[in-house]
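Structure record follows, encoded as structure tokens.
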């Protein structure tokens, strides 16, 4: 668990770990220079919570690496302080690893909780890929961090863990590098509740998504010089998504003209991008409506 001023939902998050039906776990709690009541809340729990504190704020990637460096388990999972796990999360995923010696990465479905309304919806409505998922994930990345469990030994085979230079896409970068050579398993049962609220970094730093994902694409090209030859359609779609993220950042600022410029090169990649381009010509409420609608097709 990585925490930076997470007191608002912290007890819910930690309680959801103590409520697990599988009990052979430890919490590595890394307090990233919090200035609120997070330290007091975390320290109020039992000895299975190991508290670590950074006197100065680190990037999220560096903080996640510090937490992993203090973990002792053969399997590693992640829980952010504003989300929570469902009771059978660990038992179901540990069972998958026990049954399959090939998988290094397990992810699952999840629920999305809208903090402003209290409404909950299913995160993923379609079947999701398993096995060699790298190509599929270039096109459509369905992973929610809170649902992931990873074999620790596979993480330590990588040259680097989370990239400290990244602020909103550090998990995507790490998992894609891992899945270049590792196999994944998917559980259709939801194992976590992901809370959407106005203070989350993915909303506050929406403009960083296109920049960071372009950087990650460059890293993947360096790892796999023949990336675009092996995955031509998938990389073309990823480039179009980066164009969409540029457009989304512009629309967030009310700049529809530059949003259209960002989408224009990708109009014929997929009808979705053409529809998004047309939406930039309409009132902003139409664009926002399409963003909500696209979640129905995950």
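Every number here is computed from the coordinates shown, using simple stated rules; none is lab data. Because the structure is predicted, anything quoted here is derived from the model rather than measured. Using ideal geometry, Cβ is built from the backbone for each residue, glycine included, and neighbour counts are taken over all protein chains shown.
Extension gain for residue 99 to residue 255 (0.36 nm times residue separation, less C-alpha to C-alpha distance): 51.0 nm. Shape analysis of segment 206-297 places it in the prolate category; the axes a ≥ b ≥ c from the Cα gyration tensor give an a/c of at least 1.5, with a/b above b/c.
Extension gain for residue 74 to residue 23 (0.36 nm times residue separation, less C-alpha to C-alpha distance): 16.9 nm. Remark: relative contact order (segment 206-297) = 22 percent; criterion is Cα-Cα distance under 8 angstrom and separation of 6 or more residues. How far is helix 60-69 tilted off the main Cα axis of the chain, in degrees rounded to 10, range 0 to 90? Long axis of 60-69 versus the principal axis of the chain: about 30 degrees.
Among the listed options (1) 0.93; (2) 0.96; (3) 1.19, the one matching Rg/Rh (Cα atoms, Kirkwood Rh) as calculated from these coordinates is (2).
Return a whole-number percent for the relative contact order of the chain, with Cα pairs under 8 Å and 6 or more residues apart as the contact set. List each step's numbers first, then the result.
Working: 473 pairs, mean separation 52.7, N = 298.
That works out to 18 percent.
Round to the nearest 10 and give me the degree value, 0 to 90, for the angle of helix 284-294's Cα axis relative to the longest principal axis of the chain. Value to nearest ten degrees: 60. Compared with the dominant principal axis of the Cα atoms in the chain, helix 89-99 is inclined by about 90°.
Between the beta carbons of residue 226 and residue 286, assuming R0 = 51 Å, the FRET efficiency works out to 0.80 to the nearest 0.05. Once the Cβ-Cβ distance between residue 8 and residue 91 is put in as r, and R0 is 35 Å, what FRET efficiency do you end up with, to the nearest 0.05? Efficiency, rounded to the nearest 0.05: 0.80.
Of 145, 179, 227, the residue with the greatest mean-square motion in the GNM of the chain, using alpha carbon springs below 10 Å, is 227. Among 241, 183, sorting on how many other beta-carbon atoms sit within 10 Å of each Cβ, with the fewest leading, yields 183, 241.
Order of 103-109, 26-32 by packing, highest average Cβ count within 10 Å first? Don't skip to the end; give the middle numbers.
Numbers: 103-109: 22.7, 26-32: 20.7.
Descending packing order for the listed peptides: 103-109, 26-32.
Only helices enter this figure: runs of n ≥ 4 DSSP H residues, each worth -39500 (n - 2.57), summed and divided by the residues of the chain, yield -12500 deg cm²/dmol at 222 nm to the nearest 500. Among beta bridges from DSSP that stay inside the chain, the antiparallel ones total about 40%. The convex hull drawn around the Cα atoms of segment 75-152, when projected onto a plane and averaged over every direction, covers 6.2 nm².
Multiplying the residue separation of residue 52 and residue 140 by 0.36 nm and removing their Cα-Cα distance gives an extension gain of 28.2 nm.
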